[in-house]
1. If you go through the range 71-81 one residue at a time, do you hit one that is of a type in the set (S, T, N, Q), exposed (fewer than 13 other Cβ atoms within 10 Å of the Cβ) and farther than 25 Å from residue 93 by Cβ?
2. Mind listing just one residue for me: the one in the range 85-99 that is closer than 19 Å to residue 32 by Cβ and hydrophobic (A, V, I, L, M, F, W, C) and, of those, least open to solvent (accessible area, probe 1.4 Å)?
3. Residue 46: over 26 Å from residue 104 (Cβ atoms), of a type outside the set (A, V, I, L, M, F, W, C), open to solvent by less than 100 Å² (accessible area, probe 1.4 Å) and over 14 Å from the mean Cα position of the chain (by Cα), yes or no?
4. Write out, first by first residue and then by second, each pair whose Cβ atoms fall under 8 Å of each other, whose residues are 6+ apart or on separate chains, and whose first residue, in the range 91-104, is part of a helix (DSSP H, G or I) while the second is of a type outside the set (Val, Ile, Thr).
5. Of everything in the range 48-72, what is over 15 Å from residue 10 (Cβ atoms), in contact (Cβ under 8 Å) with a residue 24 or more places away in the chain and not basic (Lys, Arg)? Give them in sequence order.
Amino acid sequence: MSYDLPIDKVVARLSGRRTCPGCKAVFHVDARPPKAAGICDHCSGSLYQREDDRPESIRVRMEAYEKSTAPLAHFYRQRNLLVSISAEGTPEEIFSRTFAALSR
């Protein structure tokens, strides 16, 4: 299974994550924001952006993926051993596409 999403959307999705250092709860500035900006809903800790969730870090990781992992994915895709799933949409929509692909 391979989840496909354009790089700009990967960056937006990952760079929006915010983590609580206390209880480790994870929020997203757009998709799942805390009730009060920058404050954990569970323990009132100050949310932060992890270093590896910064846009520049994500782009470096994606470049490394393209160089090392993408050729392997291409190899398996050519042999019909890898199913690609669009990662666009809500988690429920992505799950539905995944379940449908696995049910074939």
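1. We begin by selecting, within the range 71-81, every residue of a type in the set (S, T, N, Q); these are 78, 80.
Within this subset, residues satisfying the condition of being exposed (fewer than 13 other Cβ atoms within 10 Å of the Cβ) are 78, 80.
Keeping just the survivors that are farther than 25 Å from residue 93 by Cβ gives 78.
Yes, the range 71-81 contains at least one residue that is of a type in the set (S, T, N, Q), exposed (fewer than 13 other Cβ atoms within 10 Å of the Cβ) and farther than 25 Å from residue 93 by Cβ.
2. The residue in question is 87.
3. Spelling it out, residue 46 is indeed over 26 Å from residue 104 (Cβ atoms), of a type outside the set (A, V, I, L, M, F, W, C), open to solvent by less than 100 Å² (accessible area, probe 1.4 Å) and over 14 Å from the mean Cα position of the chain (by Cα).
4. Close Cβ pairs satisfying both conditions: 94/3; 94/86; 94/87; 94/88; 97/86; 98/1; 101/1; 102/1.
5. Once the filter is applied, which keeps residues that are over 15 Å from residue 10 (Cβ atoms), in contact (Cβ under 8 Å) with a residue 24 or more places away in the chain and not basic (Lys, Arg), the range 48-72 yields 48, 49.
The values are calculated or read from the model by the stated rules, or taken from the named source; none is laboratory data. Because the structure is predicted, anything quoted here is derived from the model rather than measured. As a convention, Cβ positions derive from the backbone with ideal geometry for all residues, glycine included, and neighbour counts pool all protein chains shown. In case anyone asks, the SASA skips ligands and DNA or RNA and just uses the protein heavy atoms, side chains included. Shrake-Rupley method; radii C 1.70, N 1.55, O 1.52, S 1.80 Å.
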